Amino acid sequence: MSRIQERTDDGLLLEVEGLSVSFQTRNGEVVPVDGISLAVQAGETVCIVGESGSGKSVTSLSILRLLGDNGRIREGDVRLKGENLASLSEERLRRIRGKEISMIFQEPMTSLNPVFPIGSQLVEAIKLHTDLRGRAAKSRAVEVLRDVGIARPEAVYNDYPHALSGGMRQRVVIAMALACQPSLLIADEPTTALDVTIQAQILELLKQLQERNGMAILLITHDLGVVAEMADRVIVMYAGQIVEEADVYSIFENPRHPYTQGLLRSLPSTLADHPGRLEAIPGSVPSLRHLPAGCRFHPRCPHAEEACKRGEPELESIGGSHKVRCPVAFRGNLPLAAGAEEAER
């Protein structure tokens, strides 16, 4: 059965429209997220991919307005179930964070307070967002630890973070995120610091918990293998903009933006007919202070035309829900490398 879900307005959970985010630095203002629009349906998994510096993490942080003192939302709306988070008071936002939307950060050790036991940190979140107190709150904490596959939850409840392995700490962080049964889970590269065996276990855990609780997942990653495993839809970001958006099968079978094609060709392969040397996208993501004119990818693009250097292209539909920010892409696409075909399988 297809993982791709039918998108309807009735199931719309999160809607981000025209979101731009800026940070004030010593060298002036920079805009790492520029005009992002996306939607997440109830129960859906949407993956945001791209190189480091493309704006993936800032996009996720801006949804919860966790931008720090020097960051701000310049324009745009972030609506959760119709409520605009961009204009809410901080007090109202605190009640939404952890309850309606939870977030898993990249490094679990930085998400846990090293001087408090695991149980007290879980209970704090449960008390903040529910009416549970005392033994009931502790029972709920032990229950969610068990739900995320921790074999001795009663003992781990009293452990400190340093006593746990990386995989165990990540499970605890997931338990904290799911303790209040959020409608949306934002996971920012949740398996980056883990070995491949633990990565597979964590991804399988997220899928099981999603199916059980009916929550949506917004997954930030640079690992296309994770995308193939988890995603219903994929959003490809480059230099603060969305350059391609489609269902997961279209992204792997028919990528239309040269940047997406380059990402897929950079994947390693074990196929016999695949050349030994990996292909790479030349150059690097441009500095936010010195963005190129026109298409932001054109200095690295093998198909760039003179027009690409002048006007900035719009994100346009090429059929169905498939969108691309590249006029050249409308005139055909290159064949996928063997590594991309293998990742799809």
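Numbers below:
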| quantity | calculated |
| --- | --- |
| Total residues in the stretch 144-161, condition in contact with a helix residue (DSSP H, G or I) (Cβ under 8 Å, 6 or more places away or on another chain) and in a helix (DSSP H, G or I) | 9 |
| Residue, nearest to residue 100 (Cα to Cα), within the stretch 52-70, restricted to residues that are out of contact with any helix residue (DSSP H, G or I) (no Cβ under 8 Å at 6 or more places or on another chain) and open to solvent by 50 Å² or more (accessible area, probe 1.4 Å) | 66 |
| Odd one out for residue 95 among (1) touching a residue at least 60 places away in the same chain (Cβ under 8 Å); (2) in a helix (DSSP H, G or I) | (1) |
| Residue 173 being within 28 Å of residue 36 (Cβ to Cβ), of a type in the set (A, V, I, L, M, F, W, C) and not in a strand (DSSP E or B) | yes |
| Only listed residue being farther than 25 Å from residue 61 by Cα, surrounded by fewer than 23 Cβ atoms within 10 Å (Cβ to Cβ) and touching a helix residue (DSSP H, G or I) at 6+ places or on another chain (Cβ under 9 Å), chosen from 262, 225 | 262 |
| Residue that is farthest from residue 230 (Cα to Cα) [pool: residues in the stretch 31-87 that are in contact (Cβ under 8 Å) with a residue 40 or more places away in the chain and among the acidic types (Asp, Glu)] | 75 |
| Residues located in the stretch 215-258, provided they are among the polar types (S, T, N, Q) and in a strand (DSSP E or B) | 241 |
| Index of the failed condition, residue 73 passing every other in (1) over 25 Å from residue 17 (Cβ atoms); (2) touching a strand residue (DSSP E or B) at 6+ places or on another chain (Cβ under 7 Å); (3) open to solvent by less than 50 Å² (accessible area, probe 1.4 Å) | (1) |
| Selected residue (criterion: nearest to the chain's Cα centre (by Cα)) from residues of the stretch 122-166 that are crowded, with 19+ Cβ neighbours inside 10 Å and among the small types (Gly, Ala, Ser) | 125 |
| Subset of the stretch 146-196 (residues that are closer than 26 Å to residue 231 by Cα and of a type in the set (S, T, N, Q)) | 170, 181, 183, 191, 192 |
| Single residue of 285, 234 found to be within 22 Å of residue 20 (Cα to Cα), open to solvent by 20 Å² or more (accessible area, probe 1.4 Å) and β-branched (Val, Ile, Thr) | 285 |
| Which listed residue, of 313, 299, 292, 255, is surrounded by 15 or more Cβ atoms within 10 Å (Cβ to Cβ), within 22 Å of the chain's Cα centre (by Cα) and modelled with pLDDT of 90 or more | 255 |
| Residue check, residue 147 among the acidic types (Asp, Glu) and in contact with a Phe, Trp or Tyr (Cβ under 9 Å, 6 or more places away or on another chain) | no |
| Index of the failed condition, residue 191 passing every other in (1) more than 23 Å from residue 94 (Cβ to Cβ); (2) surrounded by fewer than 16 Cβ atoms within 10 Å (Cβ to Cβ) | (2) |
| Residue under evaluation residue 108, criteria (1) modelled with pLDDT under 90; (2) within 19 Å of residue 190 (Cβ to Cβ); (3) open to solvent by 30 Å² or more (accessible area, probe 1.4 Å), criterion not met | (3) |
| Total residues in the stretch 29-60, condition under 23 Å from residue 264 (Cα atoms) and touching a Pro at 6+ places or on another chain (Cβ under 7 Å) | 1 |
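The values are calculated or read from the model by the stated rules, or taken from the named source; none is laboratory data. Because the structure is predicted, anything quoted here is derived from the model rather than measured. When we count neighbours, we look across all protein chains shown, and the Cβ atoms used for this are built from the backbone with ideal geometry, even at glycine. Quick note on the areas: whole protein, heavy atoms, side chains included, nothing else; ligands and nucleic acids left out. Shrake-Rupley method; radii C 1.70, N 1.55, O 1.52, S 1.80 Å.
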